[in-house]
1. Of all alpha-carbon pairs in the stretch 136-216, indicate the percentage at a distance above 15 angstrom.
2. What is the spin-label model distance, in nm, from Asp211 to Glu190 if the labels are put 7 Å beyond Cα along the C-beta direction?
3. Averaged per residue, what accessible area in Å² does the chain show with a 1.4 Å probe, protein chains only?
4. What would the Debye equation give as log₁₀ I(q)/I(0) for the stretch 14-200 at q = 0.12, 0.14 Å⁻¹, counting only Cα atoms as equal point scatterers?
5. Roughly what angle does helix 117-126 make with the longest principal axis of the chain, taking Cα atoms, 0 to 90 degrees, to the nearest 10?
6. Kindly express, to the nearest 10 degrees and within the range 0 to 90, the angle between helix 140-150's C-alpha long axis and the longest C-alpha principal axis of the chain.
7. Which order, highest average first, do 121-134, 156-169, 11-24 follow once you tally other Cβ atoms within 10 Å for each residue and take the mean per peptide?
8. Which percent of the accessible area of the chain is formed by carbon and sulfur heavy atoms (probe 1.4 angstrom)?
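The values are calculated or read from the model by the stated rules, or taken from the named source; none is laboratory data. Computed from a predicted model, the values in this text were never measured in an experiment. Neighbour counts run over all protein chains shown; Cβ positions are idealised from the backbone, glycine included. When the accessible area is computed, the model is the full protein with side chains, heavy atoms only, and any ligands, DNA or RNA have been set aside. Shrake-Rupley method; radii C 1.70, N 1.55, O 1.52, S 1.80 Å.
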Amino acid sequence: MNNIPTIEDAVSLGQRQGILFVISGPSGAGKTSLCNQLVTRIPRLRFSISCTTRPHRSGEVDGQDYAFVSKDTFQKMIDAKEFLEWAEVYGHLYGTHRTATAQTLTEGIDLLLDIDEQGAMQLKKTFQKGVFIYLLPPSWDELQTRLQTRGLDSQESIQMRLNRARDEMQHFRQYTYIAVNNDLNQTLKELEAVITAERMKTAYVDKSCLDGQNHAQ
Ligand code: 5GP
């Protein structure tokens, strides 16, 4: 009798496939801070660690922020079809690992991906049930200020990021949700609400467990 799943099992997060939450938006919109906060606050939500050929920034930890690999290794991974999606962004290669993603989702753990628009659109084709969130800064001026004050990029790189942001933004309607990151705490609340609501969708309920309940009665 003890093996018969309860209704709570059927509806609970651990009994179903994980959900893919994808966040895109211009650099400087605040994706990294938001993702860090979201995985800290929300149980059963894991950050997807991308592979990249971009050099380390100070403070970044290999295997935690990114898996830093050489161009040669990245190319071999492309050839071996190890990426679910990959793209060149600002002259560097970035990709989402296929097996790691599948493993997490199979465990019933939701994944949070911070990837660019090219990658998000590739995933939209394979993960129709994925949740695609577009994050915007409050204004172009604010974006420029944020890029300058974080001190990670040269003037040339900042200009490139601003131009790219304007192009990318044209595709925001391809995303399920849009959020304007004016205030980090407020945006966090909004994204937490999105994740909570998505998790409550009937589409994710394990129907066979509910059937098991009926038979038990
Ligand atoms: P950064 O170098 O500033 O950490 O990231 C640059 C851009 O690459 C960001 O827009 C980020 O969302 C994107 N990015 C990070 N990882 C991936 C990935 O695995 N795939 C794709 N397509 N983009 C990624």
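1. Considering the stretch 136-216, 71 percent of its Cα-Cα pairs are separated by more than 15 Å.
2. Going from the Asp211 label point to the Glu190 one covers 4.1 nm.
3. 55
4. At q = 0.12, 0.14 Å⁻¹ the computed log10 ratios are -0.57, -0.79.
5. With both axes taken from Cα atoms, the answer is about 20 degrees.
6. The helix 140-150 is inclined about 80 degrees to the chain.
7. 11-24, 121-134, 156-169
8. Carbon-and-sulfur percentage of accessible area, whole number: 51.
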